[in-house]
Amino acid sequence: MICDNIKKLNNELYFADVKVTDLAKKYGTPLYIMDENKIRQKVNAYKNALKKYFGYDALTLYASKACSFKYIYKIMSEENIGIDIVSSGELYTAKAAGFNLANAYFHSNNKTDFDIKYGIENKVGYFVADNIEEINLIDEECKRLNTVQKVLLRVTPGIDTHTYEADKTGKVDSKFGTAIETGQAIEMVGNILKLNNIELCGFHCHVGSQVFEEDVYERTAVIMIKFFADVKEKYGFEAKIFDIGGGLGVRYIDNDKTLDIDKKIKELSECIKSECAKYKLSIPSFRMEPGRSIVADAGMTLYTVGSIKIIPGYKNYVSIDGGMTDNPRYALYRADYTCYTANKMDEISDFEADLVGRCCESGDIIKPKAIFPKSIKRDDIIAVATTGAYNYSMASNYNRIPRPAIVMIKDGKDFEVVKRESFENLIENDI
Ligand SMILES: *Cc1c(COP(=O)(O)O)cnc(C)c1O
């Protein structure tokens, strides 16, 4: 099985110790199911490792764009970690969940005037500022409100992570952040330090997502700590916080590795400590912003099989009652998944077919060349694993298909945390 919370017993698939066909019957399909214990286990893997290797002032920030709804912010609040938000909508959701916004870090490469105002008014702890235009707007707004805003500056270290093009964010020519290599970042620091209503607390970078490459974070840290040192030398300013972003990869298919979070953070801490020693810098307070690696394998999507099409000499199709509306990741960047026929786990799978959705798009594919039991037929239940990240948060109403519910499983008990959208919801804003 692709993750340790997935098991099979008597021909049936279990997720977080619950028989998934029971959930399909009880709540209908398509359905997102999530394993709360797994989410907390992953949060704690980060929390413990950061504490162990960086000390008590280190902080994990959940990158909530990976999966954002009220209940998940409650979990992060109970776990006492911070959150990374990228829009006023995420801020609003976290606030509605009672999350303490002092522990929120507001990202985005293009914060609107509204975002800036809304964030400051709601006393968001930090803005992770992308460019000087934005910093000046924050400064002006703070002047008006007579406050000072804590800010991290997002810089691009010029690192290529060798993942999908869409997942690379740390290259010099990225739309995110301000480049170190061109000298723009250090010049900007000088300008920020002159502003009265901005408290520059440190530097942020984020090099990509679904990162497996051994030394990406170390190479990033070397460039970033040198930047901390250059800033200190040029301005006498020693930044307090180093936020290295998120991006650790997760296992979607058998060929993917399982990353050891503790080991990664240990190696990274050793690198940062030795680089800081080299430049006689004190070790900054460390932040990491995992999104995918906290929620991806805590999620699974259940579908019901509909029509099956066999085109002799060409290919076959197994169609399901969801698709790119609840999981656009194959359509977006050819993401791969592991899928199971949840009610036929003991049967031999040797029927190859594309697992496709019900949307009016040929690209509406969940997994090409998937393997099913020969007996696959209408009403069988398909489970697609590792869908906790960037599925619900990227879902759409294309073809006016309502978004599925999310059911949480905690200690063997299941309960709805997001209701299934209704047809009424679909026309709610239509005038
Ligand atoms: C997307 C993003 C993350 C989280 O990335 P994952 O791959 O989900 O861990 C963290 N920080 C920033 C700035 C991001 O844009």
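A short reminder: the numbers here are calculations on the coordinates, not readings from a lab. What you see is a predicted model, and the numbers here were worked out from it, not measured in a lab. Reconstructed Cβ throughout: ideal geometry from the backbone, glycine too, with neighbour counts over all protein chains shown.
A few comments on the model shown:
- Dipole magnitude of the chain about its Cα centre (Cβ charges: Lys, Arg +1; Asp, Glu -1), debye to nearest 20: 560
- Residues Thr60, Thr29, sorted so that the one with the fewest Cβ neighbours within 10 Å comes first: Thr29, Thr60
- Once the Cα-Cα distance is subtracted from the 0.36 nm per residue extended length, the Ala277 to Asp379 segment shows a gain of 30.5 nm.
- Modelled this way, with points 7 Å down the Cα-to-C-beta line, the labels at Glu361 and Glu270 are 4.5 nm from one another.
- Pairs of Lys residues in region 198-340 that lie 8 or more places apart, or on two chains, and have C-alpha atoms under 21 angstrom apart add up to 22.
- Along region 82-89 the Karplus relation, 6.51 cos²θ - 1.76 cosθ + 1.60 evaluated at θ = phi - 60°, assigns HN-Hα couplings of x, 9, 10, 10, 10, 7, 5, x Hz to successive residues, with x for each Gly and Pro.
- Where only DSSP H runs of four or more residues are counted, the chain gives -9000 deg cm²/dmol as its mean residue ellipticity at 222 nm, each run worth -39500 (n - 2.57).
- Backbone amide hydrogens, once placed in the peptide plane, bring Glu199 within less than 5 Å of Gln149, Lys150, Val151, excluding anything fewer than 5 places away on its chain.
- Whichever aspartates and glutamates have a C-alpha closer than 17 Å to that of Lys95, once near sequence neighbours (fewer than 8 apart) are set aside: Glu78, Glu79, Asp84, Asp115, Glu121
- Note on region 7-68: Lys pairs 8 or more places apart or on different chains, Cα atoms under 15 Å apart, count 5.
- Loop-resident chymotrypsin sites (Phe, Trp or Tyr not before Pro) (DSSP state other than H, G, I, E or B) in region 291-350 with no more than 11 further Cβ atoms inside 10 Å of their Cβ: Tyr314.
- Multiplying the residue separation of Asp354 and Asp173 by 0.36 nm and removing their Cα-Cα distance gives an extension gain of 61.5 nm.
- Based on Cα contacts under 8 Å between residues 6+ apart, the chain shows a relative contact order of 19 percent.
- Cut-off under 5 Å, modelled amide H: who pairs with Ala370 long-range: Ala353, Asp354, Leu355
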